[in-house]
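Trainee: Have a look at this one before I ask anything.
The values are calculated or read from the model by the stated rules, or taken from the named source; none is laboratory data. Because the structure is predicted, anything quoted here is derived from the model rather than measured. Cβ atoms come from the backbone with ideal geometry, glycine included; neighbour counts cover every protein chain shown.
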Amino acid sequence: MKMKIKTAADILMTAALPVLMCYSIVGETAHEVIGIAMFGLFILHHILNFGWIKSLFKGKYDLRRSVNTAVNALVFLCMIGLMYSGIVISKHVFTFVNIGGAMFARTVHMLCAYWGLVMMSVHLGMHISQIAARMKLKNKAVVWALRIIFGVVGAVGIYEFISLKFTDYLFRKVQFVFIDTNASALLTVLQYLSVMVLFAYVGFILQMLLKRNNKTTIQ
């Protein structure tokens, strides 16, 4: 039962992320509500993985464990930054909160949103083998078909990464995110989803390299 809840929470968070990136299309109220739901799922994810948290200060840290922990820490920081900044700049759900610093919070929100998408996608890719095991994907033909499909989508993600001007937002070259409100909501979500698949592939490849490095070190 616990594994089913874990899988459901991971799927819902993955589905919510590209939708949240299209806030000006889905609407501010929906954006805030979905953001709160995602943060709740994030907390649930950590409760269900509390064993990993307890083991943080135990055992030795090889390269693989260090990289995994660093990625997890960056995801955590982005989520905390998003929740803090989201509350500060809220126009609907948290209007009763008045702690000031809206301009700073907008910058934090934009940086954490884009870096969060990148790091969460890398994190997802690094754990894709475990997710596949949970979903009992053992048929080699199905596994290879999925690899090819996601490989094609990831390749499209390279184009969309450039098209959506991710580097401008990741390195704060601009102060406000521009999204064409006349564009199809579904198409825009798929654009961000393709970028997520791209970085999930990066995470998957990184994990494979780290595993290989561990085997070489042990030998």
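Trainee: Among the candidates His92, His109, which residue alone is in contact (Cβ under 8 Å) with a residue 24 or more places away in the chain, more than 22 Å from the chain's Cα centre (by Cα) and farther than 18 Å from Lys6 by Cα?
Mentor: Testing whether each residue is in contact (Cβ under 8 Å) with a residue 24 or more places away in the chain, more than 22 Å from the chain's Cα centre (by Cα) and farther than 18 Å from Lys6 by Cα leaves just His92.
Yes/no per residue for (1) closer than 30 Å to Thr29 by Cβ; (2) hydrophobic (A, V, I, L, M, F, W, C); (3) outside any helix (DSSP H, G or I):
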residue	(1), (2), (3)
Phe76	yes, yes, no
Thr95	yes, no, yes
Ile99	yes, yes, yes
Met110	yes, yes, no
Lys138	no, no, yes
Phe178	yes, yes, yes
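Trainee: Within the range 4-63, count every residue that is part of a loop (DSSP other than H, G, I, E, B) and of a type in the set (Phe, Trp, Tyr).
Mentor: So the count comes out to 2.
Trainee: Only one residue in Ile148, Ile128 is among the hydrophobic types (A, V, I, L, M, F, W, C) and under 18 Å from the mean Cα position of the chain (by Cα). Which one?
Mentor: Ile128
Trainee: Across the range 70-101, what is the total count of residues that are more than 16 Å from Leu17 (Cα to Cα) and in contact with a Phe, Trp or Tyr (Cβ under 7 Å, 6 or more places away or on another chain)?
Mentor: 1
Trainee: Taking the criterion of being farther than 25 Å from Asn72 by Cβ, of a type in the set (Ser, Thr, Tyr) and exposed (fewer than 13 other Cβ atoms within 10 Å of the Cβ), would at least one residue in the range 153-161 satisfy it?
Mentor: no
Trainee: Assuming Thr188 fulfils every condition listed in (1) assigned to a helix (DSSP H, G or I); (2) polar (S, T, N, Q); (3) modelled with pLDDT under 85; (4) closer than 18 Å to Ala113 by Cβ apart from one, which condition is it?
Mentor: Only one criterion in (1) assigned to a helix (DSSP H, G or I); (2) polar (S, T, N, Q); (3) modelled with pLDDT under 85; (4) closer than 18 Å to Ala113 by Cβ is unmet by Thr188, namely (3).
Trainee: Taking the range 30-49 only, how many residues are farther than 18 Å from Met126 by Cβ and free of Cβ contacts under 8 Å to residues at least 60 places away in the same chain?
Mentor: 13
Trainee: Scan the range 50-89 for residues that are free of Cβ contacts under 8 Å to residues at least 40 places away in the same chain and under 18 Å from the mean Cα position of the chain (by Cα) and jot them down. Even if it seems obvious, please write down each step before you answer.
Mentor: Residues of the range 50-89 that are free of Cβ contacts under 8 Å to residues at least 40 places away in the same chain, as a first pass: 50-61, 65-66, 69-70, 73, 76-77, 80-81, 84-85, 87-89.
Thr69, Ala70, Ala73, Phe76, Leu77, Ile80, Gly81, Tyr84, Ser85, listed by residue number.
Trainee: Based on what the data block shows, is Ser194 within 19 Å of Gly116 (Cβ to Cβ) and either touching a residue at least 24 places away in the same chain (Cβ under 8 Å) or within 18 Å of the chain's Cα centre (by Cα) (or both)?
Mentor: When the stated conditions are applied, Ser194 passes them.
Trainee: Now for a different question. If Val142 meets every condition in (1) at pLDDT 85 or above; (2) of a type in the set (Val, Ile, Thr); (3) more than 28 Å from Gly81 (Cβ to Cβ) apart from one, which number is that one?
Mentor: Of the numbered conditions (1) at pLDDT 85 or above; (2) of a type in the set (Val, Ile, Thr); (3) more than 28 Å from Gly81 (Cβ to Cβ), the odd one out for Val142 is (1).
Trainee: Going by the structure shown, is Ser121 out of contact with any Gly (no Cβ under 7 Å at 6 or more places or on another chain) and of a type in the set (Ser, Thr, Tyr)?
Mentor: no
Trainee: Let me ask something additional. In this structure, is Ala145 surrounded by 11 or more Cβ atoms within 10 Å (Cβ to Cβ), part of a helix (DSSP H, G or I) and not charged (D, E, K, R)?
Mentor: Judged against the criteria, Ala145 is a match.
Trainee: Here's another thing I want to ask about it. I'd like to know if the range 86-105 contains one or more residues that are of a type outside the set (Phe, Trp, Tyr), touching a helix residue (DSSP H, G or I) at 6+ places or on another chain (Cβ under 8 Å) and within 29 Å of Gln207 (Cα to Cα).
Mentor: no
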